[in-house]
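Here's the structure, in structure tokens; my notes come after.
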Amino acid sequence: MNDLFIRGIKINFDEIKESSYVKDIKSIGNTKELIFNKNVTFFAGENGSGKSTLLEALAINYGFNPEGGSKNFSFSTNNTHSQLYKNLTLIKGTRPAKDGFFLRAESFYNVASKLDEYEAINSYGGTSLHEKSHGESFLSLVEYRFWGKGLYILDEPEAALSVERQLTLLIHINRLAKEGAQFIIATHSPILLALPDSVILSFDNDKISKIDYEQTSSYQLIKTFIENKDYMLKLLLE
């Protein structure tokens, strides 16, 4: 294992304001500390389970712009992030990351616009990301902008990608992790979750716990549907 840039998180839940919606997220409330020991860590769980909320807070605490981008990005179009980042303590490695990026699917358009404004397209393949499809622009970002020895925090990256492109992303993540990059990714994708030598943390059942790939709801539901398609469709639609 490489010396990770973020080795863990301490959650100071008692200090969160009672008026914050975070107080109602039991998975976060029942967790005092998380330890990262692999170059790739996945946050998995149902919508509303807290995975994206914690991922966002982690990224902001580390110094990333709440809407995404590198540490050099400073803009705001819709201030909706929680104040949880103020109640986290990051356990950092002995060396700082040489690069980093926070990517969230819901605000990727805003990040692409800022890249044009900063005239930084040469660092992203030489073409404005707005001139490509959502999926192609995202993969250009990963291919041309992400490096080994960097910290990359991704919130549901599969939202922009076809199944085939998710496989391409899987290849990039695996390559970069072997070059020393650290990824922390919130995802529903059973393709991404299958990455070898990674850790999956489930936010379901009102706690955060390490689980195996085959225990994820993403894998179980897809497997059940494919193996019992006709039965499932009849059950759901009739």
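The values are calculated or read from the model by the stated rules, or taken from the named source; none is laboratory data. Note that the coordinates shown come from a computational prediction; the quantities given were computed from them, not determined experimentally. FYI the Cβ positions are ideal-geometry reconstructions off the backbone, even for glycines, and counts take in every protein chain you see. When the accessible area is computed, the model is the full protein with side chains, heavy atoms only, and any ligands, DNA or RNA have been set aside. Shrake-Rupley method; radii C 1.70, N 1.55, O 1.52, S 1.80 Å.
Structure notes:
- Sequence-separation-based contact order of the range 167-238, relative, with Cα cut under 8 Å and 6+ spacing, percent: 21
- Distance in nm between pseudo-label sites at Asp14 and Asn37 (7 Å out along the Cβ direction from Cα): 2.8
- For the range 19-61, the solvent-accessible area with a 1.4 angstrom probe is 41 square angstrom per residue.
- Considering only Gln220, Ala194, Ala177, and ranking their Cα positions along the charge dipole of the range 133-238 that arises from unit charges at the beta-carbon of Lys, Arg, Asp and Glu, the one farthest toward the positive end is Ala177.
- Carbon and sulfur %, accessible surface of the range 130-221 computed with the full protein complex present, 1.4 Å: 50
- Selection of GluC sites (Glu not before Pro), the range 1-45, meeting DSSP coil and at most 12 other Cβ within 10 Å: Glu18
- Computed from point charges on the beta carbon alone (+1 for Lys and Arg, -1 for Asp and Glu), the dipole magnitude for the range 1-73 about its Cα centre is near 180 Debye.
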